[in-house]
Each structure stands twice: as C-alpha cells, then as structure tokens.
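Quick notes on the structure that follows.
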Amino acid sequence: MPPVRGRLTHGAPLAPLVWFKSGGAAEWLFEPADVADLETFLYALDPSVPVMGLGLGSNLIVRDGGVPGVVVRLGKAFAKVERLDDTTLKCGGGAPGILVTSNARDAGISGLEFLRSIPGTVGGFVRMNGGAYGREVKDVLVEAEVVLRSGERRTLALGDLGYTYRHSELPEGAIVVSATFRGHPAESATVQAEMDRIAAAREASQPLRSKTGGSTFKNPEGHKAWQLVDEAGCRGLRRGDAQVSEKHCNFLLNLGDATSADIEGLGEEVREKVKANSGVTLEWEIQRVGQVA
C-alpha cells in the first residue's frame with residue numbers, strides 16, 4: 001500500500017460501520033486526512049486494486065466474506081458545509097444529511113429538507129441519486145467534485161452524472177469529496193417546520209430503532225415496493241435472525257445475530273415470492289458488496 005497521512009487499517013471489520021451490523025472485513029480501510037491525501041494514495045495505488053466508498057453504511061449489505069481491495073471512508077475533514085450564496089451550499093462528501101439540512105435551515109435555504117430523512121452522507125446521496133418525499137438529488141445538485149480511481153480530481157456538472165431513479169453514471173471507484181446543492185430562499189422557521197414534518201412521517205412509518213438498511217427494493221414503475229411485498233404474504237417473513245419488517249414491508253431487519261447471507265437470502269426469497277404473486281421483478285435498492293463467505 002502507498003504511504004498515507006490518514007489512517008490505513010488492514011483487515012478492518014466493517015460490521016460496526018454499517019447499519020445491519022453484519023458482514024466481513026475490509027481488506028484495507030482507508031480514512032484519508034484530506035483530499036490531497038486521497039488523490040496521492042489513489043494515484044500511487046496499483047490500478048488493479050478495487051476501490052469502494054463507504055458512507056454511513058445505511059444502504060449496504062457487506063457480505064460475510066468481506067470486501068477485497070480498499071474501502072475509503074471519509075471522516076470529519078470531509079464533513080464541512082459552507083454557504084456559497086443565498087441559495088447555495090457546498091457540502092463535504094462525508095457530511096450527513098442532517099448536518100446539510102440544519103445548515104440550510106440556518107442559512108434560510110429551502111428545498112433540501114428531504115435530505116433530513118435519508119440516513120446517509122453526501123457522497124452516497126450523489127452516487128445513488130438519493131431521494132425521499134417526492135424529491136431527489138438531481139433536483140438540487142449543481143455539481144459534484146470527485147477523485148477518480150486514477151487519483152485525478154474532477155468537477156462533474158449535474159448533466160455528467162447520468163441520473164435515473166436511484167442511479168448515477170459515476171465512474172467505478174470514484175469517490176465524491178464534495179457536492180454543491182442549490183435551493184431557494186425561505187424563512188428558517190418554515191424550513192424547520194418542513195424538516196419536522198418529514199421526521200415525524202418517517203418516525204411513524206419506518207423501523208428507525210432497528211438494525212436495518214433502509215428501503216430494500218426500488219419502487220417499480222406504477223407500483224409501491226412495500227405493497228407488492230405485503231400482497232405476496234412476506235410481512236414478518238424470517239430467515240434466521242433476518243426479518244421483513246412488520247412496520248414497513250420494504251425494510252429488512254437484523255433481529256440479533258443475522259448474517260449478511262441471512263439478510264440477502266431473505267431479500268431474494270421476497271423477490272421470488274413477489275415475482276410469483278404479481279409478475280413484477282423487484283430490483284434491489286440496497287447495495288450488496290463483497291464476497292460470500
């Protein structure tokens with residue numbers, strides 16, 4: 001491995017870093033000191049070594065055999081939020097949604113409140129075109145700054161990202177180090193009220209106090225994924241300690257000691273049952289990475 005100024009750990013357990021609290025280790029976990037440290041490291045790293053970014057791990061199944069290559073996790077140095085003008089914020093790739101929205105509120109910027117409800121970081125939002133409550137990242141993104149797998153830093157405009165539903169054309173191995181979001185002016189109290197409304201709606205409908213991974217499947221055209229899962233008789237379905245949430249059928253839970261194989265296997269069983277019942281093939285929204293044990 002090339003020398004670094006940040007922290008580079010061999011065989012780092014990933015289960016404590018992801019919401020499901022399951023899965024294997026990263027061959028290497030790199031927490032860069034700053035953007036320059038990331039650029040230098042990726043430039044010097046053997047091009048054959050795979051690289052993957054990790055945010056809050058809220059939308060991720062890490063398979064039990066672990067993740068080969070390098071997992072990059074952006075720390076506090078990448079969690080800054082800076083106001084550029086009356087409607088625009090520049091946010092570090094490691095900044096969580098709640099930090100972005102509280103800064104937007106304080107700056108009197110509306111339109112970003114939906115990020116309050118997505119339990120992830122800016123890097124994950126940009127990569128996945130994260131969305132909720134009728135809005136998604138493509139509605140507010142101006143540009144994103146990324147470090148490519150080659151170590152080159154590049155600024156990508158909204159149109160460069162090829163956004164579709166929960167998907168972008170961000171290059172393989174690229175790490176999002178910042179994103180610029182634009183909203184519109186509003187009273188801080190109005191922004192706070194919308195954030196509160198979203199938080200209450202999420203609390204009422206989602207199993208927030210559980211080991212989970214957020215929405216499991218994408219909503220197919222013309223359908224709600226949770227409804228298809230419910231109609232296929234999967235509410236509460238279990239495999240080991242993995243369970244389909246009874247509160248919200250599009251969430252999988254780790255009730256205790258579920259392996260990632262249990263969780264992913266349960267998801268595949270749900271897909272089969274939904275296909276048999278409705279003819280609809282559900283697509284995974286949760287990212288599944290690494291090797292089967």
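Taking a ≥ b ≥ c as the square roots of the eigenvalues of the Cα gyration tensor of region 90-147, is the shape rounded (a/c under 1.5), prolate (a/b larger than b/c) or oblate?
rounded
Please express the Cα-Cα pair-distance distribution P(r) of region 63-107 as a list of whole percents, one per 5 Å bin, running from 0 to the bin with the greatest distance.
5, 20, 23, 15, 11, 9, 7, 6, 4, 0
Rounded to a whole number, what % of the accessible area of region 177-250 do carbon and sulfur atoms account for, probe 1.4 Å?
46 percent
Based on the Kirkwood radius over alpha-carbon pairs, what value in µm²/s does the Stokes-Einstein equation return for the translational diffusion coefficient of region 1-131 at 25 °C and 0.890 mPa s? Present the calculation step by step, with values, prior to reporting the outcome.
Values: Rh = 15.7 Å.
Roughly 156 µm²/s, to the nearest whole number.
Given the peptides 168-178, 46-56, arrange them by the average over their residues of other C-beta atoms within 10 Å, most packed first.
My ranking of the peptides, most packed first, is 168-178, 46-56.
Grab the beta carbon distance between Leu84 and Arg5, set R0 = 22 Å, and tell me the FRET efficiency rounded to 0.05.
Result of the calculation: an efficiency of 0.20.
Any idea of Leu158's accessible area? Nearest 10 Å², probe 1.4 Å.
Rounded to the nearest 10, the figure is 60 Å².
Can you tell me the length gained on complete extension of the stretch Leu255 to Ala293, counting 0.36 nm per residue apart and subtracting the Cα distance?
Numbers: separation 38, 0.36 × 38 = 13.68 nm, distance 2.06 nm.
Extending this stretch completely gives an extra 11.6 nm.
Just to verify a number: what accessible area does Lys80 come out at with the full protein assembly present, 1.4 Å probe, Å² rounded to tens?
Here the residue's solvent-accessible area equals roughly 140 Å².
Would you rank Lys76, Lys273 by solvent-accessible area, highest first, keeping every protein chain in place and using a 1.4 Å probe?
Lys76, Lys273
Mind running the shape call on the chain? Use the C-alpha gyration tensor, a ≥ b ≥ c as the square roots of the eigenvalues: rounded below 1.5 for a/c, prolate if a/b tops b/c, oblate otherwise.
Since a/c reaches 1.5 but b/c is at least a/b, the shape of the chain is classed as oblate.
Set the bar at 28 Å for Cα to Cα. Now go through Lys76/Lys247; Lys21/Lys76; Lys138/Lys273; Lys76/Lys224; Lys80/Lys247; Lys138/Lys218 and name every pair that lies beyond it. Before the final figure, lay out the partial values.
Details: Lys76/Lys247 34 Å; Lys21/Lys76 22 Å; Lys138/Lys273 33 Å; Lys76/Lys224 36 Å; Lys80/Lys247 35 Å; Lys138/Lys218 17 Å.
Violating the 28 Å Cα-Cα cut-off are Lys76/Lys247; Lys138/Lys273; Lys76/Lys224; Lys80/Lys247.
Expressed as a whole percentage, what fraction of the accessible surface of region 1-157 belongs to carbon and sulfur atoms when a 1.4 Å probe is rolled over the protein heavy atoms?
53 percent
So which helices of the chain fit the span-like rule, where a helix is a whole DSSP H run, its Cα atoms reach 24 Å or more along the axis, and its mean Kyte-Doolittle is at least -0.5?
The answer, listed by residue number, is 188-205.
With labels modelled as points extended 7 Å from the Cα through the Cβ direction, what inter-label distance (nm, one decimal) is found for Ser278 paired with Ser150?
Rounded to a tenth, the inter-label distance reads 4.3 nm.
Got a number for the accessible area of Glu268? Probe 1.4 Å, square angstrom, nearest 10.
60 Å²
Assuming 0.36 nm per residue, please report the length gained on full extension of the stretch Val49 to Ala157 beyond their Cα-Cα distance.
In short, 36.1 nm is gained.
Residues of the chain: accessible area per residue at 1.4 Å, in Å²?
On the way: 12990 Å² over 293 residues.
Averaged over the residues of the chain, the accessible area is 44 Å².
What's the local net charge at Gly55, with K and R +1, D and E -1, over the other residues with C-beta under 14 Å away? It would help to have the intermediate numbers written out before the result.
Working: positive: Arg73, Lys76, Arg127; negative: Glu31.
That works out to +2.
Is the shape of region 136-203 best called rounded, prolate or oblate, per the rule: a/c under 1.5 gives rounded, else a/b larger than b/c gives prolate, else oblate, with a ≥ b ≥ c the square roots of the Cα gyration tensor eigenvalues?
Prolate, because a/c is 1.5 or more and a/b exceeds b/c.
Hey, what did the chain get for relative contact order, percent, Cα under 8 Å, at least 6 apart? Please list the in-between numbers first.
Details: 684 pairs, mean separation 57.0, N = 293.
Over the chain, the number comes to 19 percent.
Which GluC sites (Glu not before Pro) in region 178-215 pass both tests, a DSSP loop state and at most 13 other beta-carbon atoms within 10 Å?
Glu187
The values are calculated or read from the model by the stated rules, or taken from the named source; none is laboratory data. All values derive from a computational prediction rather than experimental measurement. As a convention, Cβ positions derive from the backbone with ideal geometry for all residues, glycine included, and neighbour counts pool all protein chains shown. Surface accessibility is based on the protein's heavy atoms, side chains included, excluding ligands, DNA and RNA. Shrake-Rupley method; radii C 1.70, N 1.55, O 1.52, S 1.80 Å.
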